[in-house]
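Colleague: Sharing a structure with you now.
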Amino acid sequence: HERRMMMPPFHGDRMRVYGATMRDVTEAALATWPVGEPFPLLRETQAITLDVILHTVVGLREGAAMATLRDRLRRFIAIAVNPLYLWPVLQIDLGPLSPWGRFLRLRREIDALLDAEIAARRAAGDVVRDDVLQLLLDARDEDGAPMGDAQLRDELMTLLLAGHETTATALAWTMHRVLTEPGVLDRIRAELDAVVGRGPVAPEDLGRLEYLDAVVKETLRLNPVIPDVLRILKRPLSIGGVALPAGVGVAPNIYGAHRRPESWPEPTRFDPGRFLGTRPGPYEFFPFGGGVRRCLGMAFALYEM
């Protein structure tokens, strides 16, 4: 039910609407990168993807509201991605100076910021906007009902977190491959010169950057952002000759499947040519999961990368 309401902003021609924003945010960030000295790349790709998601999903532009939400999200994520806090015993609020206390306070602040943005949009009425929030405000389910404010806020929070950290990590791995694998950077530059020339990349150029697309996908094959996905069986199933009852968890291993020599000859070798002129099957290559619960933002993430 929720997936049907969430799908339209992330498929088809909607991608072109976001392309210029993605490019402009990236170029502004690149202008601040140091030259001639090392710096941690992941921090920079996180800054890019967070600003892209704030612009395209929430529709914010530079100003006090965006700066505040950006700051709270960065601090929130720093705690949220720590696997230690998956343990219930550590999820104890010992006041604002304790990690979990800060986490809860930041969550309340972020909720309030998003609630205020939703209220402002509803008050604005028929003002035309092209961001994801506006599309979700206009969405209706099969009974003609819109999303409520709490659901809207939760959907936005999911998109802000899932659409930011994962893509940033994948971008950092891609840059690592581009800079360390022989010949890859030169071939990307040659393709950009042939397709784009010296001007800025335009949304219509992306479909012709076949080698660059292959580099991104080969990186996702060798360095998937998550190693596996979890599914709970709704009915008994036999997998590999093992009878499993309903209710148990099964975890397709993305990392392992992407390195099977039966599917990928010389599986540890970085070779973007594997993705040129061919499309691997969904059981050989699934960095975004698979089936009806495949990552909603797959097209968005690939387009952004």
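Colleague: If exposed trypsin sites (Lys or Arg not before Pro) are those in a DSSP loop with at most 11 other Cβ within 10 Å, what is the longest stretch of the chain that has none?
Modeller: Excluding the exposed sites themselves, the longest stretch runs over 62-139.
Colleague: If I stretch the segment between Glu204 and Val35 completely, what's the gain in nm (0.36 nm per residue apart, minus their alpha carbon distance), one decimal?
Modeller: My answer for the length gained is 57.8 nm.
Colleague: At 0.36 nm per residue, minus the direct Cα-Cα distance, what do Ala78 and Thr158 gain on full extension? Give it in nm, one decimal, please.
Modeller: Fully extending the segment from Ala78 to Thr158 adds 27.2 nm.
Colleague: How long is the gain from Asp130 to Val17 if the chain were fully straight, where each residue apart is worth 0.36 nm and the alpha carbon distance is subtracted?
Modeller: Taking 0.36 nm per residue and subtracting the Cα distance, the gain is 39.9 nm.
Colleague: Can you tell which of Leu179, Leu54, Leu136 shows the greatest fluctuation in a Gaussian network model of the chain with Cα springs below 10 Å?
Modeller: Leu179
Colleague: In whole angstrom, note down how far apart the Cα centers of segment 1-16 and segment 47-72 are.
Modeller: 21
Colleague: Put a dot 7 Å past each Cα toward the Cβ at Tyr255 and Leu233; how far apart are the dots in nm?
Modeller: Distance between the two pseudo-spin positions: 2.5 nm.
Colleague: While we're here: What net charge do the residues around Gly95 carry, taking every other residue with its C-beta under 11 Å from that of Gly95, with Lys and Arg at +1 and Asp and Glu at -1?
Modeller: +1
Colleague: Given Cα pairs under 8 Å that are at least 6 residues apart, what percent is the relative contact order of the chain?
Modeller: For the chain, the relative contact order is 20 percent.
Colleague: Quick check: from the Cα gyration tensor, does segment 137-280 come out rounded (a/c under 1.5), prolate or oblate?
Modeller: oblate
Colleague: What's the center-to-center distance, using Cα atoms, between segment 134-154 and segment 210-236 in Å?
Modeller: Segment 134-154 and segment 210-236 have Cα centres separated by 30 Å.
Colleague: Sticking with this one: Could you size up the charge dipole of segment 94-193 around its Cα centre, putting +1 on the beta carbon of Lys and Arg and -1 on that of Asp and Glu, and report it in debye to the nearest 20?
Modeller: 560
Colleague: Which GluC sites (Glu not before Pro) in segment 97-185 sit in a loop by DSSP (not H, G, I, E or B) and have at most 10 other Cβ atoms within 10 Å of their own Cβ?
Modeller: Within segment 97-185, the qualifying GluC sites (Glu not before Pro) (loop, at most 10 other Cβ atoms within 10 Å) are Glu142.
Colleague: Within the accessible area of the chain, what % is carbon and sulfur when the probe is 1.4 Å and the other protein chains stay in place?
Modeller: The computed percentage sits at 58.
Colleague: Let me ask something additional. What whole-number value in Å² describes the accessible area per residue of segment 145-295 for a 1.4 Å probe?
Modeller: Averaged over the residues of segment 145-295, the accessible area is 57 Å².
Colleague: Another question, if that's okay. Would you work out the charge dipole size for the chain about its Cα centre, treating the Cβ of every Lys and Arg as +1 and the Cβ of every Asp and Glu as -1, and quote it to the nearest 20 debye?
Modeller: Computed about the Cα centre, the dipole is about 760 debye.
Colleague: Using just the helices of the chain, give the 222 nm mean residue ellipticity in deg cm²/dmol: DSSP H runs with n ≥ 4 each add -39,500 (n - 2.57), and the total is spread over all residues, rounded to 500.
Modeller: Per the formula, -15500 deg cm²/dmol.
Colleague: Leaving out ligands and nucleic acids, note down the accessible area per residue over segment 1-80 with a 1.4 angstrom probe, in whole Å².
Modeller: 51
The values are calculated or read from the model by the stated rules, or taken from the named source; none is laboratory data. The model shown is predicted, which means the values in this text are computed figures rather than measured ones. All Cβ positions, glycine included, derive from the backbone under ideal geometry; neighbour counts span all protein chains shown. In case anyone asks, the SASA skips ligands and DNA or RNA and just uses the protein heavy atoms, side chains included. Shrake-Rupley method; radii C 1.70, N 1.55, O 1.52, S 1.80 Å.
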